[in-house]
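Reviewing the structure listed below.
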Amino acid sequence: MTQQRLSRRTLIRGTGATAAGLIVGGKLVGSASASPRRAPAVIKQRSQGGKTITLAVQAFAHDALRPVLAKWEEQTGHTVKLESGPVTGQEMVTQYAPQFQSETSPVDIFSDADDSSPTFQRAGWLEPLDDVIPQETWDDFPESFAGQIETWHSFDGHRYRVPHEFAIGYTFYRKDWFDEKGLEAPKTWEEVVSIGKEFTAPPVYGTLEAISKPGLAYVYVAYLCAQSGGNVFDFDDGTAEALQFAYDLIYTHQIMPETALSLNYDQQNVEYTNDHVAFMRQWPFFYDVSRGTSPWYSEGKAEIALPPAGPAGAKSWWGGWGWSVPKFAPNKEEALDLLAFITSVENAPILAQGQSFFATPRKSIMDALGDSGIAPAMKLYADNDVPSARPFHPRVAEAQSIVDDVASLFLTKQASLTEALEQGKERMKALGS
Amino acid sequence: MAVLTQDAREGAARGLFSPAMSKWLDRLIFLLLLGSFLFVVLLPFYWIVLSSFTPKSELFTTPPRYWFSNLTFDNYRALADNVPLFRYMLNSLIFALGSSAVSVAAAFLASYALARLNFRGANLVFAAFVVSIALPQIGTLVPLFELFKNLNLINTHHGLILLMSSLMTPFTVWILVPFLRQIPFEIEEAAVVDGARLHQVLWQIVLPMMRPALATLFIINFIISWNELLYPLVFAQRQRTLSVGLVQLAVQPTAGGGRPWDLLSAMSVTMIVPVLILVLLFQRLIVAGLTRGALKG
Amino acid sequence: MVSTTARAGDRGAFERPTPRLSRRSKRTLTILALLAPAVGLRLFTAVYPYVQAIQLSFYDYNPAFPPKRWVGLGNYERALDDVVIRTSISFTILFVVASTVLQIVLGLGVALLLNRAFFGRGLVRAINLIPWAIPMVVVAVGFRWMLDPQYGIFNDLLDRTLGVNIAWLIKYWPSRIAVIGTNVWKSTPFLAIVFLAALQAIPQDTIEASRVDGANRVQSFFGITLPLLMPQVVVIGLFMLVWQLASFDLIFAMTGGGPGYATQVLAYSIYQVAFTGLNYGYASAVSMILFAVVAVTSAVMLFIFRRVEVTL
């Protein structure tokens, strides 16, 4: 038991060593542990209770929250009303921006996406969390989170969001098929092609990715850019390499069907569980989806391997959702208290055990999860220095949609690679920063 | 042109077909057209219904299924677990009934003034209505939100109804004006000469004659608002309608699930059924209105 | 349209002086009272915010990137340089005009079909409304699946009958045809019921009379029915043009404007500009461009429609 824990500790230290690789912009190094202010040890005197706090988070995560919320309700005498929150950054902005803009808020506390939070922070619509979240909570995050917390959760020296999800593109593969052929999961781009060809016999394809607009084309190109070493928002040579690789998978080597260009994740996953795909990149949620697909699922059908290495190594970018309190929340004080409560070292692991949406490689969570669920995969990726920072741009949502367009233009053969990249550069320039 | 497209009856007149034969042919063509119309309209709908009763695991098969294989209510059960259906439905109902009633009423009055009361500037007002449709809804959201906030109309049913009925009013006026013009006005004229007041004319003479058109527009506006997404999404987070609940399922999350067709199809069937019931009920009203109008005429 | 109004005005019922309505001021009051609710609604929720939006279109205004700056025509220049906006203008026009023409033609056909007396007509008329009653988002997602080359019912039928299989949504023209087709399927019934209501308002004996005079079905349709329906056709045609120019949900849920920008429409561009990046100033400028496109398109269509009316 002790030994097990020890090894986990070393793992996390190992993760910490990779911090430098994860950080966007050298100036931000190490700031996660050097938190601005120390939070008061005792949370502010509680009000007398009886208020109703509205918490918005994606509906599937409600059940996992309930036990922890019940504890808080009991302590404070308030009640928490759960609402199903927006599922994308775009929808988040559509729903909340006009409200925040008019200095109102439909919610007291909400789970916010990477592509909306920077905008909300810059607009001054979120409440700073510096005084509320104890240092203990920040220290619970691995050091490798420092850069991401600085770029995606903070602005102007204040923290505005506490990460609760660790979304990284995992490589899922058919270990049963690979074993049969005596193969191992592809370790390089070259192997992606050669092994992909081994399996390709339509309708079965070597690999598959949902590359449709809006949003999904970006995810894939950014993933390939992490491996090629390109900066996706610069449309540089690395980006060109990534796009060309995707193109070749579809048209040159034909180990990915052309229809990938119009798929969404649900369809991609169904293809996989219909035994049509040998290996693919997918978000962590596919871990639960695959295991929940009965009677199809049996062990070995959706194992997780390290991603294939491109010119810049075996990388995969990560991001995720986090908790925030709107500046105009009707019950701000209580909401801040609740936020500190659900992200605390005691409660975060309880949430993580109930729902992978709340699982981050926090020390407390890794301890609690042990070898259950997706935790071993998290460790595998961390140990091998796979996580690479989510590409940042101050106007991230717009920048991402430009990548979406460029990828779609090129991959559907409407523009040559040079034309597409040129257009991307021009639009990025018009966007400014 | 017409010579080239002779129909069966024309053929009969020239002696190509016997009258009985031409009648039969006429019927056959009609049934063929009706059949293909029904096929085109119903196939996608049938497919949505079929999906909503198919277990999620069987939604994707090659070739696709054309018939109910494993009838299941799981999708509806899952839907009921995920979405407070009853509350959403109630909100949708209040919103749609209110909006269509207000828009039809406002448009009825306005189009009466535009169609019957000849006044200077009528053309201008009419043109202004026309032009105001061209103001894209989406361009006005932000200023509107600030206005609504100052008037305390956010998250209220009546605020939402105001927005929606305003959106539909110009179109309703547009349709009603030519309708009003088709109705002979001798009756009104006679009533006015007999000393009837305006509200009496409107209520007792014009309204009954307009009933089919008004009922049709009520249905149209009801459906438009029932399915309206943008306004409830932005202005009434606390009075969520079915359409808002639906889009929550339908938007493409970049992480975590994505367009769950099992729930989406079940939810859209849930949304369509009340509308269909309403349409069937109102279909009677339209017919009744027509016959009454004919009797009076 | 405007001229029709004038024509009708000549025969206003309240034109001739009657004891009760003779006084000018009272008449004005009546007119104002009748117009007030409708005009008030429009002023309140469309005109006022739009005037605000015009003002906003001259500013670089993004709440996430303060301050708000006066940029004059800067946003308009940027829009005309923006490859997405430029390409979306042409597809917007194509999408809307093609959809409207098809909807009118098919809508008339369906209305004529459903105007005949047959058993179960009430039910068929209700069925006719189904496409219109299905939420656009569901139609978009549903058609996306029906068009799927592998699992889609539509492609399967094409394959079985004609032996073709098209990857609709990842090719330039097929994707455009697919969104226009979906849109036509969705909204034709709406036009059909308006035309149907108009048809029912035409006295049956007018048509009977022409038939007795020896006109065949086609002749009586083009000679009698269509001219009588023309006001509705023009009105609804213009309405559909304008309405569809501003709709974005089909594109939003079906293609996201893709592949590339093949199916990008202006309204969806506005949605993206306003709600991916909170560029309120820029979004307002693009809204004004959309408004200009609407105005020009409707003027052109109005011109065409009136010529058609004359030749009939």
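Structure data summary
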quantity	calculated
Sequence-separation-based contact order of chain C, relative, with Cα cut under 8 Å and 6+ spacing, percent	27 percent
Selected from B:Val244, B:Val40, B:Val130 as most flexible by GNM, with chain B as the system and alpha-carbon contacts under 10 Å	B:Val40
Pairwise label distance in nanometres, C:Ala117 with A:Asp179, each label 7 Å out on the Cα-Cβ vector	7.5 nm
Kyte-Doolittle at least -1.0, axis length at least 18 Å by Cα - qualifying DSSP helices, chain C	C:24-42, C:83-115, C:172-201, C:226-245, C:280-311
For A:Thr79, residues with placed amide H under 5 Å, excluding near neighbours	A:Gly50, A:Lys51, A:Thr52, A:Ile53
Under 5 Å, built H, 5+ apart or other chain: amide partners of A:Phe155	A:Tyr160
Overall form of segment C:75-311 per C-alpha gyration tensor (a/c, 1.5; a/b vs b/c)	oblate
Whole-angstrom gap from segment A:102-122 to segment B:29-96, using each part's C-alpha centre	35 Å
Mean separation of Cα contacts under 8 Å, 6 or more apart, over the residue count of segment B:124-264: relative contact order %	24 percent
Gyration tensor verdict on the protein assembly as shown (Cα atoms; rounded if a/c is under 1.5, prolate if a/b is larger than b/c, oblate otherwise)	prolate
Listed residues A:Thr79, A:Thr119 arranged by accessible area, highest first, probe 1.4 Å	A:Thr79, A:Thr119
Theoretical gain in end-to-end length, B:Trp203 to B:Ala127 [0.36 nm per residue, Cα-Cα removed]	24.7 nm
Angle in degrees between helix A:89-101 and the longest Cα principal axis of chain A, rounded to the nearest 10	30 degrees
Total accessible area lost when C and B pair, probe 1.4 Å, Å² to nearest 100	10200 Å²
Extension gain (nm, one decimal) between B:Leu28 and B:Asp81, 0.36 nm per residue minus Cα-Cα	14.2 nm
Simple spin-label estimate for C:Val101 and A:Gln244 in nanometres, 7 Å along Cα-Cβ	4.4 nm
For residues of A:402-408, the mean tally of beta carbons on other chains within 10 Å	4
Whole-percent carbon and sulfur share, accessible surface of the protein assembly as shown, 1.4 Å	61 percent
Descending principal axes extents, chain B, alpha-carbon based, whole Å	71, 69, 34
Contact order normalised by residue count of chain B, Cα under 8 Å, 6+ apart, percent	25 percent
Span from the segment A:155-221 Cα centroid across to the segment C:87-147 one, whole angstrom	40 Å
Virtual paramagnetic centre 7 Å along Cα→Cβ of A:Arg291, amide N under 19 Å, in segment A:141-180	A:165-176
GNM top mover of B:Leu280, B:Leu32, B:Leu79 - chain B, alpha-carbon springs below 10 Å	B:Leu32
Computed label-point distance, nm, for sites B:Val273 and A:Lys71 using a 7 Å Cα→Cβ extension	4.1 nm
Given charges at beta-carbon only (K, R positive; D, E negative), |dipole| of segment B:84-292 in Debye	240 debye
0 to 90° range, to nearest 10: angle between helix A:189-199 axis and chain A longest Cα axis	70 degrees
Those trypsin sites (Lys or Arg not before Pro) in segment C:106-140 that DSSP places in a loop and that have at most 13 other beta carbons within 10 Å	C:Arg116
Extended-chain gain in nm, criterion 0.36 nm per residue less alpha-carbon gap, C:Ala295 and C:Thr206	28.4 nm
Rounded tilt (10° steps) of A:216-228 against the dominant C-alpha axis of chain A	70 degrees
Axial C-alpha extent at least 24 Å, average Kyte-Doolittle at least 0.0 - helices from chain B (DSSP)	B:19-52, B:85-116, B:157-182, B:207-227, B:261-296
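The values are calculated or read from the model by the stated rules, or taken from the named source; none is laboratory data. These numbers come from a predicted model, not from an experiment. Cβ sites come from the backbone with ideal geometry, for glycine too, and all protein chains shown count toward neighbours. Protein only, heavy atoms only, side chains kept; ligands, DNA and RNA dropped before computing areas. Shrake-Rupley method; radii C 1.70, N 1.55, O 1.52, S 1.80 Å.
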